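Okay, structure first, notes after.
The values are calculated or read from the model by the stated rules, or taken from the named source; none is laboratory data. Keep in mind it's a predicted model, so treat the numbers as computed, not measured. Don't worry about glycine lacking a Cβ; one is built from the backbone with ideal geometry, like all the others, and counts go over all protein chains shown. Heads up: the accessible areas ignore ligands, DNA and RNA and are worked out on the full protein's heavy atoms, side chains in. Shrake-Rupley method; radii C 1.70, N 1.55, O 1.52, S 1.80 Å.
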Amino acid sequence: MTEAISTSRDAQRSSAEAPWPVRVVSMKIGQWVARLGDVWVEGQVAQVSRRPGAPTVFLTLRDPAADISIPVTCPRMVFDAVRPPLTEGARVLVHAKPDYYLQRGSLSLRASELRAVGIGELLARLARLKELLAAEGLFAAERKRPLPFLPGTVGLITGRASAAERDVLENARRRWPAVRFAVRPVAVQGTQAVTQILEALRELDADPEVDVIVLARGGGSVEDLLPFSDETLCRAVFACRTPVVSAIGHEPDTPLVDYVADVRCSTPTDAAKRVVPDLSEERQRIDAARQRLLRGVMSRLDAGQQWLDGVRSRPAFARPTVLVDQREAEVDGLRERARRTLAHRLDAAGAELGQVRARVRALSPQATLDRGYAVVQRTDGAVLRDAADAAPGDALRVRLASGELPAVVTER
């Protein structure tokens, strides 16, 4: 039995030797699709085709976050029963059965029920998505990057020739005439909006010359702004390396991308004011800074001049010779004291010398001679103190107060 089942399965397999015909492949695909049964599908109506009198309405249902679509056939009665009436761009729930057409090899949905997604349900879904993204940290303030002071190039993603584009360009150039823009026109609502915005965002984020990216769009209904609450777009903005500015709608409009962006602006005009500085204001700031700097320098110079004037007014600088004069007076005083001291000492020494001289003179042999005494000496200079020391015939010298006389001892 097992061998029979295995043989049967091998017989069903295709190979280069036993390929399947196209009809077999189509039938097998149809059988697999038929096993899906009825499904509920949510999407966005990209196209509606109604032929007058035709019992069937043809729709194109598109995924809001991806470039994927599928045709839908719907009985006119089912389509007309939807309230409010479906239009292109509307969100819709479809209860349908997948159908594979063998002849054309195409897949479609046969709708048995259509339900328009109401505003209340959309808002509830957005609230749930907002809670999910917030829990993952996509709204965290600490991850938001500051905008550059003066970006080299501003990337602008907006509708082609839209009022938002004009507001951003005109107001930014009015503030800073030299600002450069890299504009990427995209669909800002409808089925193609998310895909085109994502492509433009990736392109600008990869450009090294782009320093900031602005997402701009004018106001609109909740349905019109739905692309800017798309989960894929929010995550793409979060993953950008370049700071992103969100300027979607007007003040009350807050799509989810506003919470993810690094800076949220109330209007496109506000975004233009945030991404570039105002030239006149910067000139005023520069002038004010220059004036503060000038006042600071002049204050320092004035303080230095006052200090210098104070230093120059001091006696030592007003009369530079005063110190020399003082020292000269001191030197003169010291010289006079030295002269007086030396004169006093000389006088004292002279008086003492006179006294010594007088004493010496008083004790001098000359003084004795001056009083009438004489000194008798031998010829060899020896002084005779005793008459017995001289013999008759000895030659003597008699020294007087003035001169001397020769003498000879004749007798004793």
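Of note:
- Annotation for region 402-409: at least one member residue is loosely packed, with under 10 Cβ neighbours inside 10 Å and hydroxyl-bearing (Ser, Thr, Tyr).
- Residues that are in contact (Cβ under 8 Å) with a residue 24 or more places away in the chain and in a loop (DSSP other than H, G, I, E, B) within region 16-52 comprise 36, 37, 38, listed in sequence order.
- For region 82-138, filtered to residues that are among the charged types (D, E, K, R) and in a loop (DSSP other than H, G, I, E, B), the residue that is nearest to residue 237 (Cα to Cα) is 136.
- For region 53-69, the set of residues classified as assigned to a strand (DSSP E or B) and either of a type in the set (Ser, Thr, Tyr) or open to solvent by 30 Å² or more (accessible area, probe 1.4 Å) (or both) consists of 56, 58, 60, 69, listed by residue number.
- In this structure, residue 47 does satisfy being open to solvent by 40 Å² or more (accessible area, probe 1.4 Å) and under 28 Å from residue 228 (Cα atoms).
- Any hit, region 330-344, residues being among the acidic types (Asp, Glu) and loosely packed, with under 10 Cβ neighbours inside 10 Å: no
- Filter pass, residue 356 being in contact with a Phe, Trp or Tyr (Cβ under 9 Å, 6 or more places away or on another chain) and not hydroxyl-bearing (Ser, Thr, Tyr): no
- For region 349-360, the count of residues that are of a type in the set (Val, Ile, Thr), modelled with pLDDT under 90 and open to solvent by less than 80 Å² (accessible area, probe 1.4 Å) is at least one.
- Filtering region 162-198 to residues that are β-branched (Val, Ile, Thr) and farther than 26 Å from residue 229 by Cβ leaves only 179.
- Check on residue 376, farther than 30 Å from residue 147 by Cα and in contact with a strand residue (DSSP E or B) (Cβ under 8 Å, 6 or more places away or on another chain): yes
- Conditions (1) open to solvent by less than 60 Å² (accessible area, probe 1.4 Å); (2) in contact (Cβ under 8 Å) with a residue 40 or more places away in the chain; (3) closer than 24 Å to residue 227 by Cβ; number of the one not met by residue 72: (2)
- Test: residue in region 151-159 that is in contact with a helix residue (DSSP H, G or I) (Cβ under 9 Å, 6 or more places away or on another chain), open to solvent by less than 40 Å² (accessible area, probe 1.4 Å), within 21 Å of residue 201 (Cα to Cα) and part of a loop (DSSP other than H, G, I, E, B): yes
- Here is the figure for region 91-131: residues that are within 49 Å of the chain's Cα centre (by Cα) and without any contact (Cβ under 8 Å) to a residue 24 or more places away in the chain total 8.
- Candidates in region 361-387 are the residues that are hydrophobic (A, V, I, L, M, F, W, C) and open to solvent by 70 Å² or more (accessible area, probe 1.4 Å); of these, the one that is nearest to residue 405 (Cα to Cα) is 387.
- Residue within region 237-255 that is at pLDDT below 95, within 16 Å of residue 273 (Cα to Cα) and basic (Lys, Arg) present: no
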